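First the structure, in the form of C-alpha cells, and then the observations on it.
We did not get these values from a lab; they are worked out from the coordinates using the rules stated. Since this is a predicted model, take the numbers as computed values, not measurements. Here Cβ is always computed from backbone atoms with ideal geometry, including for glycine, and neighbour counts include all displayed protein chains.
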Amino acid sequence: MAAAPRIERVVTSGTFELDGGSWAVDNNVWLVGDDQEVLVIDPAHDVEAIAGAVGARRLTAIVCTHAHNDHIGAGPALADRTGAPILLHPDDTALWKQTHPDRAPDGPLADGQRIEVAGVALTVLHTPGHAPGAVCLYAPELGTVFTGDTLFAGGPGATGRSFSDFPTIVRSIRDRLLALPAPTVVRTGHGEDTTIGAEAPQLDEWIRRGH
C-alpha cells in the first residue's frame, strides 16, 4: 500500500539581507510528498539539511514563494544536486538577481497554476505585497496553505523594505487567503503555524496599525 502524502518541515538558519541590512533568521523549509517523490518549498540556507530530508526520493520541483535571499539561497545547489527545476514568479526576477546574478530560475510560477506531487495538487496564488512576485501554495487535499512571508501567526509579512507595499499585502491577504476555509492550516516561512480562521478577525486591526 502506497504511503499517504505528507508535509515535512526542516528549519534552517542563516541571514536575511536587503537594503544594506543583515538579520539572523530561522526559516521553515517545507517538503510535500510521499515515499517516492517530493517537492521543496523555499530552499533556505542549508543545502545539506534539505537534501538530507529529501533523501532518496525524486525531487520534482523547488518552489520559491518569493526571492528574498533567505528563501532561495540554497536553491541552485539543490537543483544542481538533484536535477529539479527552480520555479519562481517572474515579478521577483529583480530580487532573485540580487542573490543569484549568474543563475536564472528554471521556470515561472503563475496565478492559478497547479503543481502536482504524490497525487496532491498545489494551486499557486499570486499574493504580492511582501515582494512583487510573492505567491502562496494552496493544497486543499491537505487542508493547508503555504504562505511564505505573506501571512504569519499574528499578521502580515513585513513591508518596510524595498519591493514591498503594505496596502498591497493587505489586499492579497483579504482577497486571496481569507477567502480560504477557516480551518485551513497556514504554514509560514518563519515561526509557528496558524489557521485562516485565527487570522481573519485581525484584518481591521492590521490595517489600523499599519502592521
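Summarising the amide proton neighbourhood of Glu37: residues at separation of 5 or more, or on other chains, whose placed amide H is nearer than 5 Å comprise Arg58. Percent of alpha carbon pairs in the stretch 95-166 separated by more than 18 Å? Value for the stretch 95-166 (Cα pairs over 18 Å): 49 percent. Hydrodynamic estimate: the Kirkwood radius of the stretch 6-209 over Cα pairs, inserted into Stokes-Einstein at 20 °C and 1.002 mPa s, corresponds to D of 128 µm²/s.
Proximity of backbone amide H atoms, modeled 1.01 Å from N, is registered between Phe152 and Gly157 at under 5 Å, excluding neighbours fewer than 5 places apart on the same chain.
The stretch between Leu203 and Arg114, if pulled fully straight at 0.36 nm per residue, gains 29.3 nm over its current Cα-Cα span. Taking 0.36 nm per residue of separation and subtracting the Cα-Cα distance, full extension of the segment from Ala49 to Ala182 would add 44.6 nm. Taking amide H positions as modeled 1.01 Å from N, with prolines and chain starts lacking one, the residues under 5 Å from Gly191 and 5 or more places away or on another chain are Asn28. For the stretch 191-206, the residues whose amide N sits under 20 Å from a probe point set 7 Å from the Cα of Arg6 along the beta carbon direction are 193. Extending 7 Å from the Cα toward the beta-carbon at both Asp80 and Trp23 defines two label points whose distance is 3.0 nm.
Dipole magnitude for the chain: computed about the Cα centre from +1 point charges on Lys and Arg Cβ and -1 point charges on Asp and Glu Cβ, it is near 240 debye. Build a GNM of the chain with springs between Cα atoms under 10 Å apart, and of Leu142, Leu59, Leu88 the one that fluctuates most is Leu142. In plain terms, the residue of Val63, Val170, Val186 with the fewest other Cβ atoms within 10 Å comes first and the most crowded comes last, giving Val170, Val186, Val63. Listed values for the stretch 142-156 are Karplus-derived 3J(HN,Hα) couplings in whole Hz (6.51 cos²θ - 1.76 cosθ + 1.60, θ = phi - 60°), namely 9, x, 9, 9, 9, 10, x, 10, 7, 9, 10, 5, x, x, x, and x replaces Gly and Pro. Extents of the stretch 1-122, taken as max minus min of Cα coordinates on every principal axis and listed largest first, are 52, 28, 22 Å. Each residue of the stretch 48-61 was assigned a 3J(HN,Hα) from its phi angle through the Karplus curve 6.51 cos²θ - 1.76 cosθ + 1.60 (θ = phi - 60°); the sequence is 5, 5, 5, 4, x, 6, 5, x, 8, 6, 6, 8, 7, 6 Hz, with glycine and proline shown as x. Mean sequence separation of contacting Cα pairs (under 8 Å, at least six apart), scaled by the length of the chain, corresponds to a relative contact order of 15 percent. Stretching Arg161 away from His100 to a fully extended chain increases their span by 20.0 nm, per 0.36 nm per residue minus the current alpha-carbon distance. Each of Ile173, Gly73, Pro43 was placed along the dipole of the stretch 6-209 (beta-carbon charges, centred on the mean Cα), and the one lying farthest toward the positive end is Ile173.
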